[in-house]
Each structure stands twice: as structure tokens, then as C-alpha cells.
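Have a look at the structure below, then the notes.
The values are calculated or read from the model by the stated rules, or taken from the named source; none is laboratory data. Quick caveat, the model's predicted, so the values are computed rather than measured. Glycine also receives a Cβ, built like all others from the backbone with ideal geometry; neighbour counts cover every protein chain displayed. Side chains included, ligands, DNA and RNA excluded: accessible areas come from the protein's heavy atoms. Shrake-Rupley method; radii C 1.70, N 1.55, O 1.52, S 1.80 Å.
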Amino acid sequence: MRLVKVIERLLAAIPIMLGVAVIVFVFMRMTPGDPVDIMMGQGGTVSEGEVERLRSEFNLDKPIHVQLGLFLSDLARGDLGNSFTKQQPVASLIGERLPATIELAFGSLFIGLLIAFPIGILSAVKQNSLLDRLSMGAAFLGISMPSFWLGIILILIFSVKLHWLPVQGRIDYDAGLQTVTGLYMLDSILTGNGPALISSLKHLILPSIALGSAVAAIVARVLRSSLLEILRSDYVKLARAKGAGETTVVMKHAVRNALIPTVTVVGLQVGVLLGGNMIVETVFSWPGLGRLVVEAIFNRDFPLVQGAVMVYAFIFVAANLVVDVLYTYLNPKIEM
Amino acid sequence: MRTYRLLLIAILLGVTLTLSACATPTPQVVKETVVVKETVVVKEEVQVEVTKVVEKEVEKVVEVTATPVPGRQTLIVGLAGIPDSFDPADHRSRLSETVLRNMFDGLVTRDTTSGVHLELAESATLVDPTTYEFKLRQGVKFHDGSEMTADDVVFTFNRIIQENMIEYPDPHTSPRKGLIAPLASVEKVDDYTVRFILSAPWPPAMQMFVHQQIVPKAYLESVGTQGFVAHPIGVGPFKFVEGQLDDQIVMERFADYWGGAPDLGPSGPACVSTAIFRVIPEASTRVAALLAGEVDIIQAVPPDLVDVLAQTPGIVVKTAAGTQPKWMELNVNQAPLDNKLVRQALNHLIDKELIIEHLYGGRAAALPGALSPFNNFADPSLQPYPYNPERAAELLAEAGIADSDGDGKYEWNGAPWAFVVDSLEEHRALAEAVVAQLQEAGIDAQLRLWEYSVVKPLLQAGERSAYLDDWGDSAFDPVGHMEAKWHGVEAGSPYGRGNFSGYNNARVNELIKAGETETDVDARHALYNEAQALIYDEAPAVFLILPEEVEASSARVQNWEPASDSRVNLHDVCLQ
Amino acid sequence: MTTSTDIRTQPAWRYLLDIRLRLWRRNLADFWAELRKHPVALIAGVVILIYILAALFAPQITAHDPERGSLRQRLIPPAWEEGGSWTYPLGTDGQGRDIYTRILFGARVSLAVGLLSVGISVIIGLALGAAAGYYRGRLDSILSRFADLLMAFPFLIFAIGVMAFMGPGFTNLILALTFKGWVEFFRLARGEVMAEKTREYVEAARVSGQSHTRIMLSEITPNIMQSIFVLATLRMGFMIVTEASLSFLGLGIQPPTPAWGSMVADGRNTLLNAWWVSTIPGLAIVFLVLAINLFGEGLRDILDPRLKIE
């Protein structure tokens, strides 16, 4: 794919991000719930003046269209605004948490693929056998249970009972990791910190299983059905006729071709994993973006929700783009 | 095929069984609390105006210095929520203070059982009804080595009470201003003396000064608020190392700590070398982290797990009096709830003792009216409304509500008596139990859970009938609490910031207002007692319960006590 | 595909009904034969049927009230555990309510959540998707832009936002799930219709003078229903699980209505001392969603000619 096309596609993300932000902006201001009320809590006295002052600080006393104008003009300058409750710029809040979310998404994707690939290939090769049914049933197990429930059960078994893996957090406090990118495993490798690598890996496993097991089913079934289709194609029959061994046929010819539809699904799942992890993040006290957004929704922290949703929209567009790039790589016949 | 299904069931059952296996720890006799009593020191009353109803005799462990013991010297606390800020002047959340109190000290502090004590102030004098004079301790060092003087105190309070003093991220006024609203100005007398000028006499002043912590003027002026929240500095027993508010906050022992409130606990530097606050909002995860030995202290133990934890070897459960009384406010402007008899009847229909025994495992108190029984001005002569369905039936009959067709349900105005009880997710269990008891009694009550920000406008518009919630009371003083909940709203709608019943009694209003500025303790008691008696009788709410604060720690943690205001004082805590 | 002339004179709803009947008649024998070759789907179908029966006859098979209990009877273990009794075969929850009864009545809620949210999504998605794919032009580009915009919201964030602003409750839950749920059916239907439109039978129908609406309803729709149906089964499982996820955040169905998701979420704090409160409804969800998914997967094996068992 040519670079120009990639840039073009990235630019196409802008109207989507903007549209998403405006929808959230209008939606949040039309619905009940006053951020100032929530901020003040119960303690002490709150004077009318104090409430008014906070309102005007947040521009909540102005008509919606004026607020929207202010928001858009800030946005044009690249300013996402400041969080109501956290007294910090939204961009820095999101920036601090994004690496944790990305790390978890990739951990989950890895676990998902680790389960999906053997299952998908085996069940296609042994279609309708007991193995096929068993393994597909197992693959579907992950998608059939609420992730928080799976997470808590994993914690109780592997952390509380067996003491194999930690309950919560991203890394041990005394691992002495020097952060570079915020992706702890990558940072451990970059700084050559072995204990930190082991520690962050151990912390990543359980949340990745809780989140990634749902991906396994989706990927496995796509892989299985595309493999089934390909294994019957003339192309594979030809390879067989040429006397290639079954393993070679499957691994070399069929799987590569089956990867094309699989990659599409995987790409979409990356978006889902990045935007659907708030529950697993809460269960494992994973300091990521999802938890931050849910908290912001409950606190009516308008700027934070707007900013985060724009980030999600960007991730979604970017994931689609990556899928398309991979597509052309796997199948050079396709032009964008 | 059968193999397949059997295997699947086997897997699932395996999960279940493993769970149930790890669910039942072998019961063992373990002492619930570990309190080492060496010397008993009777605390002397230091406060000027502030008195505190002391629940029990104050017994204190006093050591000359808290000597660190070998072993892992890192103490990890599992927090139940997310702090808002590293700036003691820029938040309005209890949890932020919980953390910040370990890095910052105030002029005064509070102990759960014995009230307000001097901290950075050496003495406090009420010069006249509206002027406090504080003498500061000398030689108190900030974490950067500079000494705390009157300038820092004046700066700290001006930063709170003056407009737009916090410049990051946008210039704004401290959200804590409202907590010390009567404070008009702060003056430096000399390097170690400051005067606080109030706009009117303010009896709970000392209780409220507990919630403000001193920040270093010079440091803040040089790095600004942005620099300050990136690396906060105070005079507290721990200094900031690193941290992110919604992940973990790491602090280490401040070797030059001035010692801490002389009345309370051991003095000298903190016992543990490193203290970490970890945010673990999910209760089941918090408990699991404690069981797995990843954290040493956890907040907010779910009532159902108290017994499990207490029976687990190596785990200690401790409680403190709660500060979040719960009640169901009744809309006094809506028939038939506008009738006092009906409201009294509802109070008689809720079996608080049953709820306390079964839902809270006995770890709650029934509310004897408008104030928490632990409030300094709670009237001890008031007893909670007893559970008495017969009395309720009489009262209801008097108000024209009776089971006229004998179907076991109350009728009012010719139709079954029905209303909706509104509440929030956090009170789900209690609300479900209350509604079930109302239904049991023959009232067609339905439960509706809301998000606070959504239901609040409806409450303030007087559109709801019954609302079950709590209202914090951590200062142990009626001010703020009484005014918000039971004082009539003068302007506009009869419903206010915290007054969702629309209750408005001229005499009660008068009493509450008088209590706010009355400086004579006995006279103040008299005022509040009269107000409480009136509110008790008129019952603008069903007075429910006050749950205890339940916290748990590993048995390695020594000298730790949970606090009512959820403060976690790590200065005194040691690890074994 | 051929179309009998009498159908053309009937109102549109009869068309759809007729199409279904024709499909059924034509395929039922085939389908049954195929299904018997696919025992997993068969068993899954039976499991789903049991769930449906349990939901329908819940009041007949239990004596307890699903919404009322007594605090004196709270957290009683299942009958086979020590301290359990057959009065409460699966034990009681934190409010002293019978879990067995709540599971039965909860099946109504969970099945209704799955069927309604997916059903509405399919109707909206199919109608708009077919229209967009068939007519293309301005309509298509507006709808597709809008769909892209909605796709860019993560599903769960979207649902959480909607629920947080509208409050918990059954109707709001269905709305929250369908607001974005229709988009996937829209995209699928649009793509399939675009592909089908180029096929010969559509050309033939055009030439024979059928209107666009008729072609869409009677010619194209039956041919894309198979893939819609397979996607629908998958989404149904997802919606049931999502109800549980939302309950975890306190955004599910109003108590005391028994919904499996809120039962699991409610009991998670007592997993250590009363495992049954959360685990039993959790298993109810797992078995149902697993059955729906495996049924859908089997269905695809059977319906998709490319995957035909040789």
C-alpha cells in the first residue's frame, strides 16, 4: 500500500473522531446529572456562590452551542480541555493510562491467538471428529461467560488458592522498572531488567486470560471455516496431487491463505479489546483507560469522556487501517 | 458425544469445586484484635472549645521511639476508591485526605475515640469568639529540609479561602473553601504565631481545621501547582516517592519527621520504611489481594466477608464507628406521607435489628433519630423507633390507612397503598431488605435504583416519595450535617442540597441556626436536643442504621486501628 | 430461485411469512438430516429448548416467590452441601430468596434480553442495510457514514454511557443494547445485498417487471437470511453476557427482578463464603450462551454450502 493512501486513510479518521466527540458532547449535556453536584460531595456546607463559581469555571453556565464552540476551538488548537474532577489536562490523563490498556490488549490478543490457532487448525483438519467438537466447545467457553466472573474465579484459584500469580496491579512495587514507553514488558526488555520482565509478565497473565478467552472463540471459528473452504479448493488438491505431505499442505498452503479473513477479524478484535476492557481492568485493578472512562461517565466528567471516546475512535480507525495494510501484504493481488 | 458433554461438565464442575474448596478455610480460633497495652496514659483535654463525648476510657500505647523491626518493611494498603488529587487544597474527597494525611500534617488532628488533638499547633486559644490564635511548633521540617513557619500556614489557608489561588490547570478556587467558609482571614503575628479571624462564632472550627493540611509556601511558589502535584511535599511522616492517583502511590519514611501529635501514639519517625497505597476499587479483588498477601491492610470489607476473614489464620479484622448514617427520607409534602402518623408508622415497620443482625453481621447500630449516635451532640435519651407492626397498624388506621378488604394489604384512598423507594446501587442490599419488609407489612412498595446524579434533580423537584441514602458525618458535629439534611430550604423549592424530604419546621430551623454559632457547649447541647426531639417525633425519614467501618489487615501489621473518617494513619503502624 | 405468481399479489407481511414457510418446507427434511449428522448442534438445540421450557413454566415448577425472601433464611447452601435443605435445592441468596426459583424466572429475563435486543437489531439492520445495499447512492452513503461513526464507539462504553444516563431497567437495557447492536446487521445485510444484486436471478426478476421492494423482499432477503441468522445467534449470546457485564457496574436490571447477570454480580462478594450465590447463575449463563453459540456454529456448518460435510 502506498504511503499516500495510508495518510489519506488516517486523515479520514478526523471527521469520525470529530463526529464522535460532538455526539458525546451533546448527549452528555442533554442528560441528567450535574458534575458540580457530584464534585461537592456531602461534607461541610456548599454555598450557592460556590456552585455558581464552579459552573462558570467549567463553562456549564453558558448555552450548549457556546460550550460546543469553545470545545471545538480548543480542539482545533489540539487542547482536549481539563478534567473536571481530577484537575489535570485530559490529554495527560489519557496518555498516562493508554500504555496499560495497550499492553493488556496485546496480552489478551496473544492469549486469544494462542488458544485459537491450534484449535482452529486442528478442528478444520479433523472436521466433525470428536476433537473438532471438543476443541470448538472449549473455544466457545470463553465467550460464554461474563469476564468479571471469569476474572474473579481465576483470582481465587490461581492467586488465593495456588499462589501462582498475583491478584492485581501491573508490576511489583520493588521491581525497580525505569519506564520508557509505559509498556512495562517492553520497558523491562529495553532496560535489561529481568526481574521486572518476569514480574510484569506474571501480572499480565490472568487479566489477559479473562479478556482474551472471548477473542479465542471468534478467531478460532473464522480460522476453522476459512481453512475448511481452502482445504477443499483446487489449489490445495493440486498441492496434494503433487505429492506434498499433509502437514506441508496445511501449514504452508492452506493456513497462509486462511490468514486473510482471519486477519480482518483479529484487527477488529484489537479495537474491541482496547475499548472493551473496563470490566477486566476493574477486577484486576489494572490502571488503564477503560476504568478511567467508566469513572468519568459516572462523575459526569464531560471533557474526559469526550477525549477518551475520541481516542477510541482513532484506535478503531487505525486498527482497520492496519488490517488493510496486512491484507495487501498477505494477498498482493488486492489493491487498496 | 457423551464423552464430550461429560468432559465439559467436568471442566465446569471442576472450577466450581475448586472454588468451593478454597471457599471454606478451616476455622481456627484467632484473636480479632491485637492491642498491646503497656502504659496507660489518661489524655488531658487540650482543646479550647471543643469537647468530645469519649466512648470509652482512652488507652494509649506510648513508646519513646517506634523502632523499625527487620523483615519486609513495605506496608501496602488496598484503597477502596480513587483519590482525586495530590494537592491538599484541591479536592473534596475523603479518600484523597486518607492518602494525603500521611504526607501532610494539619494544625490539629483527630483520633477516632478521643476527638481533636493538637498537631502542628503547640497551643490553640480562642482570643475572642471570632479569633483563634495558634502557636506553632518550632523545628518542624518539610520534606525538602526547610522549616515550617507561620508564613506557610498563612499561605496554606489563603490558598484555600481566597479566590482563584490555584493556577493549574486553569485558575480556580479551592473546592475546600466551603469546608471552612466562616474563616475570613489569616494573619501572621510572628514567625510561630498565627491568628484566624472568623466572620462569626463557629463552634465546630477545630473539628473542621482537622481537614486542612499545611503546604510549603516557598516550594509551591517556585514550582507552581503543576510541579507540586507532580512531586508533593509536606511535613508528614512519609515523603512522596512516585505514584499515579488511580494506580499506586509510593511513599517512604521521612527521617526528619517532627514526631507527630504528642497525645497520640508513638512519636518519632514512622516505623515502616516504605508505605504504598494501591487503588483496588473492586471489593472481591481487595479481599483476594489481602488473602494472597499482596496487601497488608484493606479498607471497606464487605459485611458478608467479615466472618470469613476473621476466621482466616493470619488475618485480623477491626472496626471503627461509622460516619455514614443511612435513612429513608419521606417526602413530607406528598400525601399520605404528609401525615406525621404515617411517617411514624413506617419507622415502626422496619425491623432494624433483623437487618443489622443478618445483613451486617451485627456490625451496625440502629439510628436513634436525626444524628448518628456517635455525633458529639447526639441526644443519648433518644431510642431508635422499635419494630412494632401493631403500633404501626394503629397509627396508620388513625391516618385512614387500613386493610379494609382483608387481603393483607393496606388501602389508602380506596386503592392499594403503593409507593416507590428510590435508592442507589451502593445501598442495594439494604434497600432490597427494607422494601421486602414494607411488602411483608402489606404495603405495595417497589424499589428503583438510580445513579445519584440522575435522581437528584427529581428529588429536588419533589417528584419522589421515599429516598434511601446516607449523608456523611465525619466531623462528629451537627454543623453541615443538620443544616444540609433537616433545615428547611427558604428559597425556591422546599427541597435542597441534602434535604430531600422537604422537611421545614420553623422551630427546628431556628434551633439549627442557633447551634451553628452557639459557643457554650451546654447551651449548644440543649439547642440540638430540642431539635432532635422534634425531628424524631415528626419523622421526616425512616431512621435506619449506621454501619461500622470494617477494615482488615494481615496479622503482621501492628499498632493499627481503623478510623471513623477512613483515615489510615500509617505513622504508628509497624510490620512484624 | 423461482417465485410463484400468487405470492406477488399478497401483502408484504404475507411474503415474509410465506418465504419462511417455503424455506422451512423445502429445507426441513434436509435440515433434520444434516442436524442429525451434527450432534453438537442437536444437543445445543435441546439445551436451548430446556431453557425455553423452564422460562415458560417457571411458576409451575417452583413454589417460591422469585422476588421475596426472608433475611432469616439468607445464604443457605444448596441441598447437597452441609446445612442445605431440599426446600431450597440450590440454596438462597443474600436476601434469603430461593436461587432455584430465581434461576427459572431469570431465564425469562435473559432469553428476553437476547431475543429482543437481537430481534430489534436484526429488523433495523436488515431494513436499512438492504435498502442501502440495494439503492446505494445518497441514502447508502449517509447510512454508512452514520454506521461508521457508531462503529467507532466501543460497544461496552456506549452501552455503559447510555445506561448511566437513562438509569438501570429492562427497557433501557434493551435500548442500550440495540442503539449500536443494529450496525453489525446493517453492515452484513448491506454487503450481502450488494453481492446478491449482481446475481442473475435478480436481473431476471427485474426483467420480469417486479418492483424493487418486491425483489428485495421476495428474492434477495431469503438468500441472505442464512448469514443473518448465524450472526444473530452469536450476537444473542454476546447480549446475554453483556447484561451481566453491565450488572457488574450496577447498570443492569432493577432489583428485585431476577436476572442472571445481576445475580452473578450480586453474589461476587460472597464467592468465598457462599460460592453458590454467584456460581450457579454464572453456570446458567455459561450453559445457555455456550448452547446458543454451538447451535449457531452448527447451523452455519449446515447452512453454508462451502462448509458442507463431505
Over 19 Å between C-alpha atoms is what I'm after, so list which of A:Lys126/A:Lys242; B:Lys141/B:Lys239; B:Lys326/B:Lys352; B:Lys456/B:Lys485; B:Lys352/B:Lys409; A:Lys126/A:Lys252 land there.
A:Lys126/A:Lys242; B:Lys352/B:Lys409
Using Stokes-Einstein with the Kirkwood hydrodynamic radius over Cα pairs, what translational diffusion coefficient do you get for the range C:111-171 at 20 °C and a viscosity of 1.002 mPa s, in µm²/s rounded to a whole number?
160 µm²/s
Please give the length that would be gained between B:Glu167 and B:Thr517 if that part of the chain were fully extended, namely 0.36 nm times their separation in residues minus their C-alpha to C-alpha distance (nm, one decimal).
122.6 nm
Separation of alpha-carbon centers, the range C:191-215 and the range B:463-480, rounded to whole Å
67 Å
Largest-first principal axis extents, alpha carbons of chain C, Å
75, 45, 36
Can you give the helix-only mean residue ellipticity at 222 nm for the protein assembly as shown, where every DSSP H stretch with n ≥ 4 adds -39500 (n - 2.57) and the sum goes over all residues, rounded to the nearest 500 deg cm²/dmol?
-16500 deg cm²/dmol
If you fit an axis through the alpha-carbon atoms of helix A:255-275 and take the longest principal axis of the Cα set of chain A, what angle between them do you get, 0 to 90°, nearest 10?
20 degrees
Given q = 0.17, 0.18, 0.24 Å⁻¹, what are the Debye log10 I(q)/I(0) values for the range B:177-245, with equal point scatterers placed on the Cα positions and solvent ignored?
-0.85, -0.92, -1.15
Convex hull volume per residue in cubic angstrom - Cα atoms of the range A:90-330:
152 Å³
I need to check one value: relative contact order of chain A, counting alpha carbon pairs closer than 8 Å and at least 6 residues apart, in percent.
28 percent
Here the range A:91-106 yields Karplus 3J(HN,Hα) values (6.51, -1.76, 1.60; θ = phi - 60°; whole Hz; Gly and Pro given as x) of 4, 6, 4, 5, x, 5, 9, 4, x, 4, 5, 5, 4, 5, 4, 6
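Take peptide C:62-72, look around each residue's Cβ out to 10 angstrom, count Cβ atoms belonging to other protein chains, and average those counts.
On the way: counts 0, 0, 0, 1, 0, 5, 3, 3, 6, 11, 3.
What the average comes to for C:62-72 is 3.
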Roughly speaking, what is the centre-to-centre gap between the range B:251-310 and the range C:90-148 when only Cα atoms are used, to the nearest Å?
45 Å
Which of the aspartates and glutamates could be linked to A:Lys237 by a straight reach, that is with a Cα gap under 15 Å, when you skip same-chain ones fewer than 8 residues away?
A:Glu229, A:Glu246, C:Glu310
Please list 3J(HN,Hα) in residue order for the range C:32-48, calculated via the Karplus relation 6.51 cos²θ - 1.76 cosθ + 1.60 where θ = phi - 60°; whole Hz, with x for glycine and proline.
4, 4, 5, 4, 5, 6, 10, x, 4, 5, 4, 4, 4, x, 4, 4, 4
Can you compute the modelled spin-label distance between B:Arg391 and A:Lys5, with each label point 7 Å from Cα toward Cβ, in nm?
8.2 nm
Give me the percent relative contact order of chain B, please, defined on Cα pairs under 8 angstrom at least 6 residues apart.
19 percent
GluC sites (Glu not before Pro) within the range B:208-302, DSSP loop, no more than 13 other Cβ atoms inside 10 Å:
none
Residue by residue through C:141-153, how many Cβ atoms from other chains fall within 10 Å of the Cβ on average?
4
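Based on alpha-carbon atoms only, what is the radius of gyration of the range B:392-543 relative to the globular estimate 2.2 N^0.38 Å?
1.19
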Taking both sides together, what accessible area is buried at the A/C interface, probe 1.4 Å, expressed in Å² and rounded to the nearest 100?
4300 Å²
Descending semi-axes in Å of the range C:122-236, equivalent ellipsoid built from Cα gyration tensor:
31, 14, 11
Please report the antiparallel percentage of DSSP beta bridges with both residues in the protein assembly as shown, rounded to the nearest 5.
75 percent
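Using a 10 Å cut-off around each Cβ of peptide C:241-254, what is the average number of partner chain Cβ atoms that fall inside?
Other-chain Cβ atoms within 10 Å of each residue's Cβ, averaged: 5.
In Å³ and rounded to a whole number, note down the convex hull volume per residue for the Cα atoms of the range B:328-483.
126 Å³
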Helix runs (DSSP H) in chain B reaching 15 Å along axis by Cα, Kyte-Doolittle at least -1.0
B:2-23, B:150-161, B:217-230, B:428-440, B:506-517, B:521-538
Could you give each residue of the range B:107-112 its phi-based ³J(HN,Hα) in whole Hz, using Karplus coefficients 6.51, -1.76, 1.60 with θ = phi - 60°, and x for Gly or Pro?
5, 10, 9, 9, 10, 4
Computed on alpha carbon atoms, what radius of gyration and Dmax characterise the range B:261-392, expressed in Å?
20.5, 61
Compactness summary of chain B: radius of gyration and Dmax from Cα atoms, Å, are 25.7, 89
So if I take the alpha carbon set of the protein assembly as shown, get Rg, then get Rh from the Kirkwood formula, what is the Rg over Rh ratio?
0.99
Would you please put C:221-230, C:87-96, A:205-214, B:514-523 in order of how densely packed they are, using the mean number of other Cβ atoms within 10 angstrom per residue and starting with the highest?
A:205-214, C:87-96, C:221-230, B:514-523
In whole percent, how big is the carbon plus sulfur part of the accessible area of chain A, probe 1.4 Å, protein atoms only?
68 percent
Relative contact order of chain C, defined on C-alpha pairs under 8 angstrom at six or more residues apart (%)
23 percent
Would you pull out the residues with amide H under 5 Å of B:Phe419's amide H, same chain only if 5 or more places away, H placed 1.01 Å from N?
B:Asp444, B:Ala445, B:Gln446
Within the accessible area of chain C (1.4 Å probe), percent carbon and sulfur
64 percent
What is the distance in Å between the Cα centres of the range C:233-310 and the range A:281-319?
25 Å
Accessible area per residue in Å² at 1.4 Å probe, computed on the range B:226-301:
24 Å²
Inter-site label distance for A:Thr328 and A:Asn59 at 7 Å from Cα along Cβ, in nm
3.9 nm
In the structure displayed, which of B:Lys177/B:Lys217; A:Lys62/B:Lys513; B:Lys135/B:Lys318 lie more than 28 Å apart, Cα to Cα?
A:Lys62/B:Lys513; B:Lys135/B:Lys318
